[in-house]
1. Which residues, counting only those in the range 18-36, are hydroxyl-bearing (Ser, Thr, Tyr) and surrounded by fewer than 13 Cβ atoms within 10 Å (Cβ to Cβ)?
2. Starting from the range 26-46, keep only residues that are more than 17 Å from CYS13 (Cα to Cα), then list their pairs with residues that are modelled with pLDDT of 90 or more and surrounded by 14 or more Cβ atoms within 10 Å (Cβ to Cβ) whose Cβ atoms are within a distance under 6 Å, requiring at least 6 positions of separation or different chains.
Amino acid sequence: MKSSFSGEGGNNCVEIAAPSPDGIALRESERPACVLTTDRAALGALVTSVKAGLGS
């Protein structure tokens, strides 16, 4: 799934795959071969932090 903020023509987004037995897969569109796997709790904590503006 791609963010609606990524626009039409760019490689400027993070893609998230549906959960699988291996976890939730994430990759950056500029480097599609580099895939990070995480669990639901860690991804939820990341999203919560980003929404709160932490890490900026």
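The values are calculated or read from the model by the stated rules, or taken from the named source; none is laboratory data. This one's a predicted model, so the numbers in the text were calculated from it and none came from an experiment. With ideal geometry, Cβ positions are generated from the backbone for all residues, glycine too; neighbour counts draw on all protein chains shown.
1. SER20
2. THR38/GLY23; THR38/ILE24; ASP39/GLY23
For every residue, the table says whether it meets (1) at pLDDT below 90; (2) out of contact with any Phe, Trp or Tyr (no Cβ under 7 Å at 6 or more places or on another chain); (3) in a loop (DSSP other than H, G, I, E, B); (4) hydrophobic (A, V, I, L, M, F, W, C).
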{"position": "PHE5", "(1), (2), (3), (4)": "yes, yes, no, yes"}
{"position": "GLY9", "(1), (2), (3), (4)": "yes, yes, yes, no"}
{"position": "ASN12", "(1), (2), (3), (4)": "yes, yes, yes, no"}
{"position": "ALA25", "(1), (2), (3), (4)": "no, yes, no, yes"}
{"position": "ALA33", "(1), (2), (3), (4)": "no, yes, yes, yes"}
{"position": "THR37", "(1), (2), (3), (4)": "no, yes, no, no"}
{"position": "LEU46", "(1), (2), (3), (4)": "yes, yes, no, yes"}
{"position": "VAL50", "(1), (2), (3), (4)": "yes, yes, no, yes"}
